[in-house]
2 protein chains.
Amino acid sequence: MYKKIFFTLLVFSTSIMMQAQENLGFGQRKEIISPEIHADNSVTFRLLAPLADSVSVTGDFAQGHNKMTKDADGVWSFTTRTLPSELYTYAFTANGLQMNDPNNVHYRRDVASTLNVLLVGGGQADIYKVNNVPHGTVAKRWYESPGNKTDRRITIYTPPGYESGNTSYPVLYLLHGMGGDEEAWPTLGRATQIIDNLIAEGKAKPMIIVMPNGNVAQEAAPGESSEGFYKPTFRLPNTMDGKYEETFIDIINFVDKNYRTVRNKSGRAIAGLSMGGFHSFHISRYYPNSFDYVGLFSAAIMPNENAKSSVYKNIEDTLLKQKQNGYKLYWIGIGKDDFLYQANTDFRKKLDGINFKYAYRESEGGHTWRNWRVYLSEFLPLLFNQ
Amino acid sequence: MYKKIFFTLLVFSTSIMMQAQENLGFGQRKEIISPEIHADNSVTFRLLAPLADSVSVTGDFAQGHNKMTKDADGVWSFTTRTLPSELYTYAFTANGLQMNDPNNVHYRRDVASTLNVLLVGGGQADIYKVNNVPHGTVAKRWYESPGNKTDRRITIYTPPGYESGNTSYPVLYLLHGMGGDEEAWPTLGRATQIIDNLIAEGKAKPMIIVMPNGNVAQEAAPGESSEGFYKPTFRLPNTMDGKYEETFIDIINFVDKNYRTVRNKSGRAIAGLSMGGFHSFHISRYYPNSFDYVGLFSAAIMPNENAKSSVYKNIEDTLLKQKQNGYKLYWIGIGKDDFLYQANTDFRKKLDGINFKYAYRESEGGHTWRNWRVYLSEFLPLLFNQ
């Protein structure tokens with residue numbers, strides 16, 4: 001009898017797999033591999049679509065639609081040139097309709113788009129991989145925000161050894177951009193892999209990384225709050241009106257109360273991309289003696305002139321206060337093609353005008369996660385060294 | 001100048017949204033809402049696909065393909081009957097090709113299939129929702145498994161108040177089925193929402209829930225280990241050959257060392273679905289004085305007669321030992337249509353034969369997450385009460 005039951009389980013598992021094949025809308029049991037990363041770092045994408053008239057693949061590995069060709073079995077394919085090491089996103093378009101790759105279960109959501117991902121190693125992206133190194137813990141928690149009269153969700157990375165030791169660690173507050181949330185840096189940004197790898201290589205100090213949700217109108221990422229499974233939008237109310245900056249102290253208090261932290265500015269860094277750069281700039285001024293390390297990645301620097309919050313008043317005064325209090329690193333990174341390039345140039349002139357020191361990193365490219373991952377990889381080794 | 005920069009950011013965000021629309025392969029800026037859950041709990045699915053000849057929606061809300069109809073704008077739609085409260089999965093098929101809903105960013109992966117999800121409230125599924133209640137912490141950690149000579153990833157839920165208190169908590173070890181991993185119960189199983197809600201209602205004791213990866217050939221879920229972004233398979237080596245049961249002590253040791261736990265059998269429960277029921281059965285026998293609470297959900301009870309591991313020897317002897325040591329709850333749940341129904345009936349006869357007491361729950365339906373979420377919801381309130 002026991003043998004029979006075990007056999008039944010095998011038959012069941014085989015039927016599940018057959019069903020999965022049939023779900024492709026095709027009777028054949030052909031195993032499709034997509035994407036296939038070749039030894040030379042070219043990539044082949046494949047889609048079984050015998051009834052389609054045209055199929056193409058789009059992604060950040062190349063411009064525009066890359067036409068795929070169909071073989072006798074109805075499998076469409078396209079092979080790229082040799083690709084630089086990077087984490088890429090892509091999608092198919094079959095008969096004018098965009099769709100995900102049914103043979104790739106790995107996705108990233110960016111605002112309301114969900115795209116497949118693939119990682120080409122052998123270079124920059126090796127630091128984005130999960131490698132055989134000690135891994136920190138990634139926790140999704142909720143903290144009380146009296147300033148927002150609610151509990152809010154937050155992602156917190158603690159370094160390898162945190163739970164079993166007694167050491168206090170410095171903290172990086174790492175902020176997302178418009179349309180992001182507490183899941184953006186851990187998924188699109190590969191922040192937890194990057195820090196694991198840098199710590200393992202001895203290139204970054206062990207630290208806690210706190211990744212809050214910068215949309216104060218939102219308790220948690222879409223699907224993770226009582227609002228349920230709704231469709232995310234790019235712009236939310238109260239993202240850049242001062243409320244987040246004003247209530248950021250709730251986050252610092254929560255972290256200092258619940259974790260073994262270095263509770264002064266030498267143990268605190270704040271950095272963010274785009275809107276998160278805006279927040280980092282204003283928060284570091286608004287609490288001018290709280291952060292020794294500031295990182296502005298493609299930052300949307302300046303507020304609307306009509307912004308009413310006191311956060312945005314007296315910008316120069318608070319910068320001078322911050323300068324007077326002292327800090328160790330003020331890091332500005334921007335891509336040459338970024339639509340915020342000129343704004344960052346103007347901002348640097350402003351800093352120069354008051355002799356406010358900063359490190360400046362100008363990269364190729366624009367307003368992309370590709371750049372923000374690079375900036376984070378370069379920024380982390382500079383933290384908490386002094 | 002500041003106003004200009006802010007304006008530029010708004011233009012940029014608008015252009016991102018336009019681009020997202022264009023990615024649908026369609027020039028029109030029509031906002032598609034899908035799925036739309038109506039007040040009467042019927043659901044409308046929509047897909048913008050003006051060039052398609054046929055579109056249908058499949059899912060566990062109804063049998064087979066549900067044909068959608070096209071309106072003048074090229075939007076296909078289908079409205080269900082009033083649906084019972086449940087967490088549903090679905091996909092579209094356009095011109096014979098299965099695809100996800102581009103207007104729904106909420107997905108669940110089950111082995112190698114990634115399907116959209118929707119939640120219909122007003123009944124059973126309310127306990128699967130994130131509600132306005134205190135939330136526990138969900139951590140992804142790595143533990144050392146000397147028995148497997150590697151570090152392995154694990155999901156750990158700690159109840160609200162854990163981090164700020166000093167109380168010791170009982171622990172439920174909650175095991176996934178074949179093709180699952182440490183992400184199955186938190187995603188498909190809604191385990192962390194269920195326990196948050198039951199604790200808030202006073203229906204379950206605050207507890208730690210440990211969700212390990214039962215595939216010892218796998219360090220972590222697909223995409224979360226150094227194996228990178230590969231395509232998952234249903235069956236992995238060494239899933240039911242004794243190795244997991246033998247090395248389960250590594251998990252218990254890790255949990256007892258790293259958390260404030262009740263370190264005896266009155267503070268330990270173990271439960272699992274399908275293969276996880278198999279594991280729970282064998283682990284609770286193999287460590288016969290370790291668990292006062294055992295839950296077998298649609299369990300694949302018996303090993304292959306040829307299984308060589310000593311874990312599977314002397315089954316009756318170890319059951320008698322377990323009985324002699326005493327336990328508080330032995331809970332068996334199975335659906336009437338489950339392919340393992342007969343196996344569970346035979347198993348119960350075996351238990352009856354040695355006067356081994358158990359609670360029995362027979363439900364409608366088969367081998368589905370729908371049943372396992374219900375079983376978990378019913379099992380949790382029975383734990384750690386005595």
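Residues considered: A:357, A:350, A:321, A:308. Of these, the only one that is touching a Pro at 6+ places or on another chain (Cβ under 8 Å) and outside any strand (DSSP E or B) is A:321. Among the conditions (1) more than 10 Å from chain A (Cβ to nearest Cβ); (2) out of contact with any Phe, Trp or Tyr (no Cβ under 8 Å at 6 or more places or on another chain), the only one that residue B:176 does not satisfy is (2). Please verify whether the range B:318-333 includes one or more residues that are touching a strand residue (DSSP E or B) at 6+ places or on another chain (Cβ under 6 Å), aliphatic (A, V, I, L, M), under 22 Å from residue B:383 (Cβ atoms) and open to solvent by less than 10 Å² (accessible area, probe 1.4 Å). Within the range B:318-333, one or more residues are touching a strand residue (DSSP E or B) at 6+ places or on another chain (Cβ under 6 Å), aliphatic (A, V, I, L, M), under 22 Å from residue B:383 (Cβ atoms) and open to solvent by less than 10 Å² (accessible area, probe 1.4 Å). Scanning the range B:39-90 for residues being assigned to a loop (DSSP other than H, G, I, E, B) and not β-branched (Val, Ile, Thr) gives a total of 21.
Touching a Phe, Trp or Tyr at 6+ places or on another chain (Cβ under 7 Å), crowded, with 18+ Cβ neighbours inside 10 Å and closer than 23 Å to residue B:104 by Cα: does that describe residue A:107?
Values: touching a Phe, Trp or Tyr at 6+ places or on another chain (Cβ under 7 Å): yes; crowded, with 18+ Cβ neighbours inside 10 Å: yes; closer than 23 Å to residue B:104 by Cα: yes.
So residue A:107 passes the test.
In the range B:349-366, of all residues being surrounded by 15 or more Cβ atoms within 10 Å (Cβ to Cβ) and of a type in the set (Phe, Trp, Tyr), the one that is nearest to residue B:339 (Cα to Cα) corresponds to B:358. In the range B:343-366, the residues that are within 11 Å of another protein chain (Cβ to nearest Cβ) reach residues that are β-branched (Val, Ile, Thr) and open to solvent by 10 Å² or more (accessible area, probe 1.4 Å) with C-beta atoms within less than 7 angstrom, at least six apart or across chains, in these pairs: B:343/A:5. In summary, residue A:132 fulfils each of the numbered conditions (1) within 27 Å of residue B:116 (Cα to Cα); (2) open to solvent by 40 Å² or more (accessible area, probe 1.4 Å) with the single exception of condition (1).
For the condition farther than 30 Å from residue A:47 by Cα, more than 11 Å from chain B (Cβ to nearest Cβ) and open to solvent by 40 Å² or more (accessible area, probe 1.4 Å), residue A:205 qualifies.
Yes/no matrix, rows are residues, columns are (1) surrounded by 19 or more Cβ atoms within 10 Å (Cβ to Cβ); (2) free of Cβ contacts under 8 Å to residues at least 60 places away in the same chain:
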| residue | (1), (2) |
| --- | --- |
| A:231 | no, no |
| A:251 | yes, no |
| A:270 | yes, no |
| A:275 | yes, no |
| A:286 | yes, yes |
| A:299 | yes, yes |
| A:307 | no, no |
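Applying the set (1) over 24 Å from residue A:192 (Cβ atoms); (2) open to solvent by 20 Å² or more (accessible area, probe 1.4 Å); (3) within 14 Å of chain B (Cβ to nearest Cβ) to residue A:258 leaves exactly one unmet item: (1).
Residue check: residue A:332 meets all listed conditions (1) out of contact with any Gly (no Cβ under 7 Å at 6 or more places or on another chain); (2) outside any loop (DSSP other than H, G, I, E, B); (3) over 23 Å from residue A:170 (Cα atoms) but one, namely (3). Among the conditions (1) modelled with pLDDT of 95 or more; (2) open to solvent by 10 Å² or more (accessible area, probe 1.4 Å); (3) within 9 Å of chain A (Cβ to nearest Cβ), residue B:113 misses just one, which is (1).
Annotation for the range A:57-74: no member residue is at the interface with chain B (Cβ under 8 Å from one of its Cβ atoms), under 18 Å from residue B:98 (Cα atoms), touching a strand residue (DSSP E or B) at 6+ places or on another chain (Cβ under 7 Å) and open to solvent by less than 40 Å² (accessible area, probe 1.4 Å).
The values are calculated or read from the model by the stated rules, or taken from the named source; none is laboratory data. Keep in mind the model is a prediction, meaning the values are calculated, not measured. Ideal geometry is used to build each Cβ from the backbone, glycine not excepted, and the neighbour counts take in all protein chains shown. Note: areas computed on protein heavy atoms with side chains; ligands, DNA, RNA excluded. Shrake-Rupley method; radii C 1.70, N 1.55, O 1.52, S 1.80 Å.
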